[in-house]
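Taking it in order: structure first as structure tokens, then the write-up.
None of the figures in this text is laboratory data; all of them are computed from the coordinates on show. Keep in mind the model is a prediction, meaning the values are calculated, not measured. Note that we place each Cβ from the backbone using ideal geometry, even for glycine, and neighbour counts take in every protein chain shown.
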Amino acid sequence: VVAILVSRTFHSLRINYKEVMAILMEELLELQRAAADGRSVEDVPRSITEFVAGQADLWVNGLWFTSFALSLLVAILAMLVKQWLRQYTAYTSGDARHVVRVRHFRLMSLEKWRVPQVIALLPVLMHLMLGLFFAGLVVFL
């Protein structure tokens, strides 16, 4: 959902060439009218075609893009954790001593890679992602 909204609002950060073309055509008509009436073309005000994105557009896109990036990060981390835990609980054949050694080695690896902390971080990242999304939604509306 966030990706769709970002793709729709991202266009507000780009210059609208149709609008610029309309402004320039209007200026060209004013120049032609001034020349036809005998007025100086220097008296015709120049159109400003410099594009500046609105603050709300910048905030909305920034919040939603950050929310989208966090959602991708949560998905990748969740998949990695699932793989790590599946590997940890995988069946090991052999005598009891070998099974215990392999399981202890896997447990030490999980602790070395801080998997419990990563698991605890996933809900925090999800809440942060949702908070950023809803903050962008409030600014958008």
Once the dipole of the chain is set up from charges on Cβ (+1 Lys and Arg, -1 Asp and Glu), the residue from the list GLY94, THR9, ILE119 lying farthest towards its positive end is GLY94
For the LEU85, LEU137 Cβ pair and Förster radius 30 Å, calculated FRET efficiency rounded to 0.05 is 0.30
To the nearest 20 debye, the stretch 1-41 has a Cα-centred charge dipole, built from +1 on Lys and Arg Cβ and -1 on Asp and Glu Cβ, of 220 debye
Gyration tensor on Cα atoms of the stretch 91-140, a ≥ b ≥ c root eigenvalues, a/c under 1.5 rounded, else prolate if a/b beats b/c, else oblate, says prolate
Charge dipole of the stretch 18-117 built from unit charges on the beta carbon (Lys, Arg +1; Asp, Glu -1), centred at mean Cα; most positive-end Cα among LEU29, GLN83, ILE48 is GLN83
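About its Cα centre, how strong a charge dipole does the stretch 1-140 have in debye, to the nearest 20, once Lys and Arg get +1 and Asp and Glu get -1 at the Cβ?
Approximately 1600 debye in magnitude.
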Read-out Rg and Dmax of the Cα atoms in Å, candidates (1) 18.4, 71; (2) 35.0, 119; (3) 29.1, 104; calculated match is (3)
Summing -39500 (n - 2.57) over every DSSP H run of at least 4 in the chain, dividing by its residue total and rounding to the nearest 500, the 222 nm mean residue ellipticity is -26000 deg cm²/dmol
Taking 20-29, 35-44, 56-65 and ranking on average Cβ neighbours within 10 Å, highest first, one gets 56-65, 20-29, 35-44
By the DSSP-based rule, helices of the chain that are at least 20 Å long along the axis (C-alpha) and have a mean Kyte score of at least 1.6 are 115-140
Once normalised by the length of the chain, the mean sequence separation of its alpha carbon contacts under 8 Å that are 6 or more apart gives a contact order in percent of 34 percent
Burial-style ranking of 70-79, 128-137, average other-beta-carbon count within 10 Å with highest first, yields 128-137, 70-79
